Amino acid sequence: MDLNFVSSIDPPREKSQPAWWFVFKVHALIVSEDGKALSVPFIQGVSALGLKPIREWYLGTLNGHHCYCAEVPENSPLPEGMVSYGLRYLYGRIEEPFHKIAMKASHIIEWDRTDRYCSRCRMEMNRAKAIRAKECPNCSFLSFPRISPAIIILIERDNRVLLARVKRFTTELYSVLAGFVEPGESLEEAAKREVEEEVGIRIKNIRYFGSQPWPFPDSLMIGFTAEYESGEITIDEAEVSDAGWFDPDNLPTIPGKISIARQLIDWFAEEKLREKNTAVPKKERKYAPHE
Ligand SMILES: [Zn+2]
């Protein structure tokens, strides 16, 4: 069945119908567990779980059914048959459209929880009308959910890919380079700067790959591919503990399938394998960007 989500800000007047409820206990989503199957509850409201929300937002409709998100207190007991998991764990364990809506829900809940007071005059803000924002009742300052753009880039040199182990990773994971965009920078400038800062090389032929909302807590990852131009790897030891060129046949431990990092690496590995084994025309990129 195709699932079609339509984002919307205006909730229906009454909650008279069952709806999809994306309810969080801090960062964990409450789902029902039926044997091994996990699913988002389709219920009349948070009270159907015997719980009381501390915040609640309308999200839109999924195949005509309303969707809401809410947060319940951290110490809320879960009713029989319900469990709660982080969104990384739930990837591939609940249906993809539900996971995508849960990512959006998580971002909105986190914003609502952390952005409560006007940053101009310190008054507690109200919800704005007709837009997903908050408005200060004193000075009319508007605050939108913060979205922090970050570039993520796969760099290729002689059929090998640049992967680095970043110090903030707690595991032995190697990934493509990523970094936040600074004020005044284009995405391409951010990519060049980040690569030069972290591994000391120059890149060329930067091409858009695709993007992914990453609400941990509020990023938007914008993926690119590029080719090596010049320089030798010199790591920024404050941020990177190791970096090198890897053959797609012999990759180290890489990120899980939820991430665009993994999608970039998988795309590259498939592309190289295909080039090696066949002479068929170039496969379309997974994201089919503007080519
Ligand atoms: Zn204000």
Residues of the stretch 93-123 being touching a Phe, Trp or Tyr at 6+ places or on another chain (Cβ under 6 Å) and within 16 Å of the ligand (Cβ to nearest atom), in sequence order, are Cys118, Arg120
Going through (1) surrounded by fewer than 20 Cβ atoms within 10 Å (Cβ to Cβ); (2) in contact (Cβ under 8 Å) with a residue 60 or more places away in the chain; (3) not in a helix (DSSP H, G or I) one by one, Leu163 fails only at (1)
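Matching residues to (1) of a type in the set (Ser, Thr, Tyr); (2) modelled with pLDDT of 95 or more:
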site: Val199; (1), (2): no, yes
site: Ser211; (1), (2): yes, yes
site: Pro217; (1), (2): no, no
site: Ala238; (1), (2): no, no
site: Gly244; (1), (2): no, yes
site: Arg262; (1), (2): no, yes
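Name the strands (runs of 3 or more DSSP E) wholly inside the stretch 23-95 in which the number of residues that are out of contact with any Cys (no Cβ under 9 Å at 6 or more places or on another chain) and either more than 16 Å from Phe5 (Cβ to Cβ) or among the small types (Gly, Ala, Ser) (or both) is 3 or more.
On the way: elements: 28-34, 37-39, 55-62, 65-72, 82-86.
Once the strands (runs of 3 or more DSSP E) in the stretch 23-95 are filtered for at least 3 residues that are out of contact with any Cys (no Cβ under 9 Å at 6 or more places or on another chain) and either more than 16 Å from Phe5 (Cβ to Cβ) or among the small types (Gly, Ala, Ser) (or both), what remains is 28-34, 37-39, 65-72, 82-86.
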Go through (1) in contact with a Leu (Cβ under 7 Å, 6 or more places away or on another chain); (2) assigned to a loop (DSSP other than H, G, I, E, B) for Lys104 and report which single condition fails. (2)
Give the residue that is modelled with the lowest pLDDT, with candidates limited to residues of the stretch 65-124 that are more than 14 Å from Pro213 (Cβ to Cβ) and in contact with a helix residue (DSSP H, G or I) (Cβ under 7 Å, 6 or more places away or on another chain). Pro79
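If you check Tyr58, Tyr91, which single one turns out to be closer than 24 Å to Pro217 by Cβ and under 16 Å from the mean Cα position of the chain (by Cα)? Before you say what the answer is, go through the steps one by one.
Working: Tyr58 fails: under 16 Å from the mean Cα position of the chain (by Cα).
It is Tyr91.
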Scope the stretch 10-32; condition surrounded by fewer than 16 Cβ atoms within 10 Å (Cβ to Cβ) and at pLDDT 95 or above; matching residues: Pro18
Counted residues in the stretch 236-265 being in contact with an Asp or Glu (Cβ under 7 Å, 6 or more places away or on another chain) and in a loop (DSSP other than H, G, I, E, B) come to 3
Please enumerate the residues belonging to the stretch 124-154 that are farther than 25 Å from His66 by Cβ and away from the ligand (no atom under 16 Å from the Cβ). Arg146, Ser148, Pro149, Ala150, Ile151, Ile152, Ile153, Leu154
Given (1) farther than 19 Å from His27 by Cα; (2) under 24 Å from the mean Cα position of the chain (by Cα); (3) within 13 Å of the ligand (Cβ to nearest atom), identify the lone condition not met by Arg165. (3)
Can you pull out the residues in the stretch 133-160 that are under 25 Å from Ser259 (Cβ atoms) and not in a loop (DSSP other than H, G, I, E, B)? Ser148, Pro149, Ala150, Ile151, Ile152, Ile153, Leu154, Ile155, Glu156, Arg157, Arg160
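The values are calculated or read from the model by the stated rules, or taken from the named source; none is laboratory data. Predicted, not measured: the structure shown is a model, and the values here were computed from it. Positions of Cβ are generated from backbone atoms using ideal geometry, with glycine treated the same way; all protein chains shown enter the neighbour counts.
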